[in-house]
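The values are calculated or read from the model by the stated rules, or taken from the named source; none is laboratory data. Treat the numbers as computed from the prediction; the structure is a model and nothing was measured. So basically every Cβ, Gly included, is an ideal-geometry build from the backbone, and we count neighbours across all protein chains shown. Note: accessible area is taken over every heavy atom of the protein model, side chains too, but ligands, DNA and RNA are not part of it. Shrake-Rupley method; radii C 1.70, N 1.55, O 1.52, S 1.80 Å.
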Amino acid sequence: MARPESRAHAVPLALAASAGLLMPLQALITSRAAGFLGGYFPAALLSALTSLACLAVASIALPGARAGWRQFGAVWRERPIPRWFLLAGLVGSFYMVAQAMSVSNIGLALFAVAVVGARTLSSIAIDVMGFSPAGKQPVTRIRILGAALLVIGAVIAAWGTGARAAESPQVLFSLAAAVGAGLLVSFQQSMNGRAGQAYGSTTTATAINYVASAAGLLVATALAALLRIESFGFSSAPLWWMYFAGPLGILFVVTGVTLVPRLGALLLGMGLVTGQLVGSLAMDLVISPEIVGGNEIAGTLVTLVAVLVASWQPNGRPRWKARKTS
């Protein structure tokens, strides 16, 4: 018979897995929008601008967010966090560009494996350095085993990429961009966590992220146009469904903040990763079954096991205590 604690976790864990599905859906929308809008940078820019618009409304409507913006001047003067943390949103802009090219070049499943694997590995490095709000965390044998399994899962999933790269050079570039985005996003999350503590508002920290992200993408789009890589602006007016990419990313973050007090960081992370990996593979099988081989399926499963091993603690408790955020 299931324990009451297990039953209490069942619904929030299912919600966490459902939230994980939002990431491949966001990647799919951004990737499809890239072909319609004239390039990866315009598609990422549309996602950033719609997210920024939603957060602007939230910053006005939520009392905690308004207080966070009032705290901005004090944070700038007193420097409880380095000022360069304002540039954390540039990582988000890079992630969105890498996301935009994922579906057509390497597929959602391989993109998810590369991002999740790289993010988990960099999280271990962040714990060693004590860069996150949780401070230094020990590197245990089981986490080393999890890291080794991550590398194995990524190699299995990427097996045969070389042959595909011979047909399209963008394949290897897209895979490298996915790995880079995964490595950087853990640092961005740690910077956002510390910024949220300084401002006293997660909404304020997230909004500042998207200001930097949108600004960075505007500059990148202009440079790409000057170099004649892509045209500046949108080649066609965005369709209605393209505006959902940004809000999906915000909904993913909000769901995580809402569920972490119920599940803790460990169970929440496993639910989100399960939804992201399984959802990415399922979407690939439905949308582009020709690019899915046995290696992608095996690599996804090994990566899922590796994240569980890397995150696990012997007593089964979350790695970090839940914190209330505004």
- Note on the structure: Screening 252, 234 for residues that are assigned to a loop (DSSP other than H, G, I, E, B) and crowded, with 17+ Cβ neighbours inside 10 Å leaves only 234
- Message: Given (1) at pLDDT below 80; (2) crowded, with 20+ Cβ neighbours inside 10 Å; (3) charged (D, E, K, R), identify the lone condition not met by residue 284.
- Response: (1)
- Can we say residue 142 is open to solvent by 30 Å² or more (accessible area, probe 1.4 Å), part of a helix (DSSP H, G or I) and modelled with pLDDT under 80? yes
- Mind checking which pairs have a first residue in the stretch 205-226 that is more than 16 Å from residue 86 (Cα to Cα) and a second that is open to solvent by 40 Å² or more (accessible area, probe 1.4 Å), Cβ under 7 Å, 6 or more apart or different chains? 220/41; 221/41; 221/232; 222/232; 224/41; 225/231; 225/232
- Could you tell me which residue of the stretch 77-90 is most open to solvent (accessible area, probe 1.4 Å), considering only residues that are part of a helix (DSSP H, G or I) and over 21 Å from residue 214 (Cα atoms)? 77
- Message: Any residue that is assigned to a helix (DSSP H, G or I), modelled with pLDDT of 85 or more, open to solvent by 10 Å² or more (accessible area, probe 1.4 Å) and among the hydroxyl-bearing types (Ser, Thr, Tyr) - is there at least one of those in the stretch 97-105?
- Response: no
- Message: Yes or no: the stretch 195-206 includes at least one residue that is under 22 Å from the mean Cα position of the chain (by Cα), surrounded by fewer than 21 Cβ atoms within 10 Å (Cβ to Cβ) and more than 29 Å from residue 76 (Cα to Cα).
- Response: no
- Note: among 121, 15, 37, 52, just one is more than 24 Å from residue 184 (Cα to Cα) and under 18 Å from the mean Cα position of the chain (by Cα), namely 15
- Scan 218, 149 and give me the residue that is of a type in the set (A, V, I, L, M) and at pLDDT 85 or above. 218
- Item | Filter result for residue 125 (part of a helix (DSSP H, G or I), under 22 Å from residue 306 (Cβ atoms), open to solvent by 10 Å² or more (accessible area, probe 1.4 Å) and out of contact with any Gly (no Cβ under 8 Å at 6 or more places or on another chain)) | yes
- Item | Filtered residues of the stretch 165-190 (kept if modelled with pLDDT under 85, assigned to a helix (DSSP H, G or I) and open to solvent by 20 Å² or more (accessible area, probe 1.4 Å)) | 166, 167, 170, 172, 187, 188, 189
- Within the stretch 263-276, identify whether any single residue is assigned to a loop (DSSP other than H, G, I, E, B), modelled with pLDDT under 85 and on the phi > 0 side of the Ramachandran plot, and answer yes or no. no
- Query: Which of the residues spanning the stretch 54-76 are open to solvent by 20 Å² or more (accessible area, probe 1.4 Å), in contact (Cβ under 8 Å) with a residue 24 or more places away in the chain and not polar (S, T, N, Q)?
  - Reply: 54, 56, 58, 62, 64, 67, 69, 72
